[in-house]
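The values are calculated or read from the model by the stated rules, or taken from the named source; none is laboratory data. Keep in mind it's a predicted model, so treat the numbers as computed, not measured. For neighbour counting, all protein chains shown are included, and Cβ atoms are generated from backbone atoms with ideal geometry for every residue, glycine included. Quick note on the areas: whole protein, heavy atoms, side chains included, nothing else; ligands and nucleic acids left out. Shrake-Rupley method; radii C 1.70, N 1.55, O 1.52, S 1.80 Å.
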Number of protein chains: 2
Amino acid sequence: MGVTKTQNFTEEQNQVATYAKALAHPARVAILQYLLKKQTCICGDLVEELPLAQATVSQHLKELKAVGLIRGTVEGTSVCYCIDKHKWEEVRDVFFNMFSSNVECQDKCC
Amino acid sequence: MGVTKTQNFTEEQNQVATYAKALAHPARVAILQYLLKKQTCICGDLVEELPLAQATVSQHLKELKAVGLIRGTVEGTSVCYCIDKHKWEEVRDVFFNMFSSNVECQDKCC
DNA sequence: TTATTATAACGCAATATTACGATTAAATTT
DNA sequence: AAATTTAATCGTAATATTGCGTTATAATAA
């Protein structure tokens, strides 16, 4: 029904899913990569960087803000965006942890 | 419109987004964690492990198979699932690469 | 052959996501 | 004050996702 049964899964599973969902659109990946590349606050020029309308970019920014990966501070007429270092490292660690186990299947069927 | 403008983003951006989408549901995370924990092929008992109906589990398995993260081999009446080691490491590397840059913002506004 | 078991496929309903034009809000410039 | 700039919000349309009952399908067991 498009409704995820969140309460039936572990906190870790929901956390991975939530963070993964934030990265599950190329526009949001592009936004994060752009902010990472610049290593600074971006005031304004994000819409020109993406092949999407201003309203759509704003919506993706909102989602990234909702999970806490970016922050936006109003700077006069424009808004200053940057990656939240603390959250970024938390998300990184969640993924690193997920991928830390080695895959070793001894069975012949694989 | 629910349609992602894939062609307007880089291959890397689409790759991260695609793999993230595969992890963007707690049930699929749970499936992967279960396969990782067992370190072997799982024949059958996946539905009992999850708080979802068989049809729903089957659908999540299909999605994980579609991105190549798991493989299923028919073993008599049941199907044997395991993580595709090669793909798993590829996905891991894609995420590691995404998170390899350090966040250093010198601006006062952040 | 006829159950039984295990899993995939189909189809539907509810909800979520993506995209964007239009509007609004708030600060800046003229 | 009026016009301009920038970005959020609203409303809407198209499509995707999630969940599950039901129905195949296919191998094994009785």
>> Going residue by residue through the stretch A:24-31, is there one that turns out to be outside any helix (DSSP H, G or I) and either at the interface with another protein chain (Cβ under 8 Å from one of its Cβ atoms) or under 19 Å from A:Glu90 (Cβ atoms) (or both)?
In response: yes
>> Can you name every one of the helices (runs of 4 or more DSSP H) wholly within the stretch A:46-110 that holds 1 or more residues which are over 28 Å from A:Glu12 (Cβ atoms) and open to solvent by less than 20 Å² (accessible area, probe 1.4 Å)?
In response: A:46-49, A:54-67
> How many residues are more than 8 Å from DNA strand D (Cβ to nearest atom) and closer than 16 Å to A:Leu23 by Cβ if we restrict to the stretch A:51-69?
Replying inline: 7
> Which residues, counting only those in the stretch B:1-37, are closer than 21 Å to A:Asn8 by Cα and either more than 14 Å from DNA strand C (Cβ to nearest atom) or more than 17 Å from the chain's Cα centre (by Cα) (or both)?
Replying inline: B:Val29, B:Ala30, B:Leu32, B:Gln33, B:Leu36, B:Lys37
> Regarding A:Val57, is this residue of a type outside the set (Lys, Arg) and within 10 Å of the chain's Cα centre (by Cα)?
Replying inline: no
